Amino acid sequence: MIKLNNGEQCEGQISFLNNGNARLEFQENEIFIHRKNTGNSLHLDNVTIEIFQRDGKKEGKVIKVNSRFK
């Protein structure tokens, strides 16, 4: 497992959950993305996220949608 630091960016495929939150798997890390931080991304889009820490846990925020899932 690779250690992710605040401010780092990573790219991957976003997967939405039933409650509107999402997750992104990046090199054996699963990064939680709160529904307020998903931007205009859709399920299975390829996105770039920025890592930040909230309440002692690592989270991500979508900063760019690289490509739409087709």
Report summary line: Percent antiparallel among DSSP beta bridges confined to the chain, nearest 5, equals 95 percent
**Report entry** Heavy-atom accessible area per residue - the chain, 1.4 Å, Å²
**Finding:** 68 Å²
Query raised in the report: Hey, which lysines would be in cross-link range of Lys57, C-alpha to C-alpha under 19 Å, not counting anything within fewer than 8 residues on its own chain?
Result: Lys3, Lys36
Report summary line: Dividing the mean separation of Cα pairs under 8 Å (6+ apart) by the residue count of the chain yields a relative contact order in percent of 32 percent
Report task. Taking the Cα centre of the chain as origin, sum charge times position over the Cβ atoms of Lys and Arg (+1) and Asp and Glu (-1), and report the length of that vector in debye to the nearest 20. Result -> 240 debye
Query raised in the report: What is the list of residues in the range 27-42 whose amide nitrogen lies under 20 Å from a point 7 angstrom out from the Cα of Ser67, following Cα to Cβ?
Result: 27, 40-42
**Report entry** Whole-percent carbon and sulfur share, accessible surface of the chain, 1.4 Å
**Finding:** 46 percent
Query raised in the report: Working from the pairwise distances between different alpha carbons, so that the mean of 1/r is found and then inverted, what is the chain's Kirkwood radius in Å?
Result: 11.8 Å
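The values are calculated or read from the model by the stated rules, or taken from the named source; none is laboratory data. It should be emphasised that the depicted structure is a prediction, and the values quoted were computed from it without experimental measurement. Here Cβ is always computed from backbone atoms with ideal geometry, including for glycine, and neighbour counts include all displayed protein chains. Accessible surface is based on the protein model in full, side chains and every heavy atom, while ligands, DNA and RNA are left aside. Shrake-Rupley method; radii C 1.70, N 1.55, O 1.52, S 1.80 Å.
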